[in-house]
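Contents: one structure, followed by commentary.
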Amino acid sequence: MGEYGADRKGGTKKHSGADITTRLTTTDPMAYAVFAVAEGVVAYAKFNGLTYDDGWGQVIILDHGNDCYSMYAHLAASPFIPWADDKAQPFMVKLGEKVTKGQHIGFFVDIDKGLDSTGNAQRTAAGARWQTHFELIEAPSGRAGSGTIKGDIFGNDGKSVDPTALLLDLGYKIEDL
């Protein structure tokens, strides 16, 4: 798991989430699955970027109530559809859909189609090519949209929260990348 608060862009920015990586080499596609950390409602499901390797890539944000959101970015996408075409987004869940804790919502990578993580995912170590950026966001519940993450979810009063304790409770391990 990549570290929350780590330097980005030569130290000019701090990492706002944790990068969950996998080094598995199994042919079982479910080994690369991404699951909801808690029940909630899909508040955002959109490809964020102009190309397959730009921006956050495929993003899903869940509203868990109590002013807590979880964001899953760099999910594998097939087929690639630019962010401007909202009606054709290739997501497993849709805006407004209720999800349960542990529900399968996406993949790190789609091994059946040979697709890596989307967006500007850091490829920081040999074999750590596949990752999902996981972030907790504190903002008033009930926000949703298909515009920008900053505008639709964060607004003027939202902030990132360190997800490390939650991820450790869920069984993830911290490793130097």
Qualifying residues in the stretch 19-36 (those that are closer than 13 Å to THR132 by Cα and assigned to a loop (DSSP other than H, G, I, E, B)) - the one modelled with the lowest pLDDT = ARG23
Select from the stretch 41-50 the residues that are touching a Phe, Trp or Tyr at 6+ places or on another chain (Cβ under 8 Å) and of a type outside the set (D, E, K, R) and write down the one among them that is surrounded by the fewest Cβ atoms within 10 Å (Cβ to Cβ).
-> LEU50
State which residue is surrounded by the fewest Cβ atoms within 10 Å (Cβ to Cβ) when the search covers only the stretch 139-165 and only residues that are among the charged types (D, E, K, R) and in a loop (DSSP other than H, G, I, E, B).
-> ASP157
Residue among ASP112, ASP63 that is at pLDDT 90 or above and either under 17 Å from THR148 (Cα atoms) or surrounded by fewer than 20 Cβ atoms within 10 Å (Cβ to Cβ) (or both) | ASP63
Since ASP7 meets every condition but one in (1) within 21 Å of ILE174 (Cα to Cα); (2) out of contact with any helix residue (DSSP H, G or I) (no Cβ under 7 Å at 6 or more places or on another chain); (3) buried (at least 18 other Cβ atoms within 10 Å of the Cβ); (4) modelled with pLDDT under 80, which condition does it not meet?
-> (3)
What residue, among those in the stretch 135-157 that are small (Gly, Ala, Ser) and touching a residue at least 60 places away in the same chain (Cβ under 8 Å), is nearest to GLY65 (Cα to Cα)?
-> SER141
Residues in the stretch 148-176 that are in contact with a helix residue (DSSP H, G or I) (Cβ under 9 Å, 6 or more places away or on another chain) and aliphatic (A, V, I, L, M): how many?
-> 1
Can you name the residue in the stretch 89-106 that is of a type outside the set (Val, Ile, Thr) and under 12 Å from VAL34 (Cβ atoms) and is also modelled with the lowest pLDDT among such residues?
-> PHE91
Just checking, how many residues over the stretch 35-70 are of a type in the set (S, T, N, Q) and in contact with a strand residue (DSSP E or B) (Cβ under 9 Å, 6 or more places away or on another chain)?
-> 3
Considering only the stretch 66-76, state which residues are under 18 Å from GLU138 (Cβ atoms) and either surrounded by fewer than 23 Cβ atoms within 10 Å (Cβ to Cβ) or not aliphatic (A, V, I, L, M) (or both).
-> ASN66, ASP67, CYS68, TYR69, SER70, TYR72
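The values are calculated or read from the model by the stated rules, or taken from the named source; none is laboratory data. For clarity, every value in this text was computed on a predicted model and none was experimentally measured. Here Cβ is always computed from backbone atoms with ideal geometry, including for glycine, and neighbour counts include all displayed protein chains.
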